[in-house]
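The values are calculated or read from the model by the stated rules, or taken from the named source; none is laboratory data. Remember, it's a predicted structure, so these values are computed and weren't measured experimentally. As a convention, Cβ positions derive from the backbone with ideal geometry for all residues, glycine included, and neighbour counts pool all protein chains shown.
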Amino acid sequence: MIKVDFKLDDAQFEKLNGKVKEFAVEVIQDINEAVVQATPVKTGFLRGSWWAALNAEADGQGSQDPSGGTAIARMNLTLADLKIGDVYNAQNGANYAVFIEFGTSKIRPRAFVRGVLDRAQEFADAAAVRVSQS
Amino acid sequence: MSLISDIRGALQLQARTAAGFPPDNQIDYEGKPFSPTIGTPWARMTLLNNSRQPFSLDGLSKITGGLFQVDLFYPIDKGTADIDVVADAVVDAFPLNRNLFKGTTRVSIYYAQRAPLLQQPDSIHAPITVSWRCFPN
């Protein structure tokens with residue numbers, strides 16, 4: 001499991017003007033889209049195997065989705081029920097996903113999840129600006 | 001040398017300072033042919049640069065960042081103690097906020113962390129992820 005880590009400073013938090021849920025939804029949607037779009041495509045199955053759930057393990061049958069549009073929409077739809085304090089889980093159901101992410105003795109790592117999560121603070125800063133201006 | 005080559009070089013050099021790190025002839029470098037010796041621990045290093053954005057209002061300064069993955073592969077029949085020791089040493093070689101230099105390039109370390117050991121048919125695999133940033137002039 002990889003956790004997303006970012007912070008808002010006091011000034012950023014103040015500017016949200018109480019729109020914390022909107023901020024959370026914005027950040028998660030941006031990260032969802034970035035992770036799915038960064039997922040390598042050969043047949044599209046890996047990209048189509050992204051699922052999300054609130055306060056539970058995410059699971060589901062993958063399908064070929066080379067554009068990733070269906071997977072992004074499915075994951076973002078989960079956010080409709082988001083409440084402050086919920087835990088949002090995103091999971092790729094393809095059993096070979098871990099080997100693409102971390103590599104094997106035969107193939108180099110692609111880091112399509114960690115590469116995006118490494119930029120989580122950038123996503124959070126951008127979302128904070130958008131929400132504070134809305 | 002390009003900026004990315006300098007970054008890669010600085011990170012590779014630092015990884016090799018870890019106690020117990022495999023010798024140079026057992027390291028799989030990007031862009032070079034490599035065949036591991038069966039039954040011998042070996043390492044692989046991969047630079048994954050993933051963002052570049054303006055750092056100053058004039059747009060002239062940029063920040064480049066990404067990940068650097070060090071993979072250790074140990075024989076499958078020798079347990080996990082040895083690979084754990086070396087993997088921890090690699091993490092320790094990249095302390096938070098350490099600056100690495102190659103020529104005039106400065107690479108800052110944001111964090112280094114291990115993933116769980118991955119059992120593969122021919123080896124035990126320990127991936128170590130290093131997050132880095134570079135502020136070129």
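Observations on the model:
- Residues in segment A:91-131 that are of a type in the set (A, V, I, L, M) and not in a helix (DSSP H, G or I): A:Ala94, A:Ile107, A:Ala111, A:Val113.
- Every residue from segment A:107-121 that is out of contact with any helix residue (DSSP H, G or I) (no Cβ under 9 Å at 6 or more places or on another chain) and free of Cβ contacts under 8 Å to residues at least 12 places away in the same chain: A:Arg108, A:Asp118
- Unique residue being modelled with pLDDT under 95 and either under 25 Å from A:Ala120 (Cβ atoms) or touching a strand residue (DSSP E or B) at 6+ places or on another chain (Cβ under 7 Å) (or both) when the list is B:Arg98, B:Arg114: B:Arg98
- Scanning segment A:80-90 for residues that are small (Gly, Ala, Ser) and outside any strand (DSSP E or B) yields a total of 2.
- Counted residues, segment A:103-121 - those being within 7 Å of chain B (Cβ to nearest Cβ), within 20 Å of B:Ser35 (Cα to Cα) and among the charged types (D, E, K, R): 1
- Within segment B:59-132, strands (runs of 3 or more DSSP E) holding 3 or more residues that are within 14 Å of chain A (Cβ to nearest Cβ) and over 17 Å from A:Ser105 (Cα atoms): B:62-74, B:105-114
- Some residue of segment A:56-63 being of a type in the set (Gly, Ala, Ser), in a helix (DSSP H, G or I) and either surrounded by 15 or more Cβ atoms within 10 Å (Cβ to Cβ) or in contact with a helix residue (DSSP H, G or I) (Cβ under 8 Å, 6 or more places away or on another chain) (or both): no
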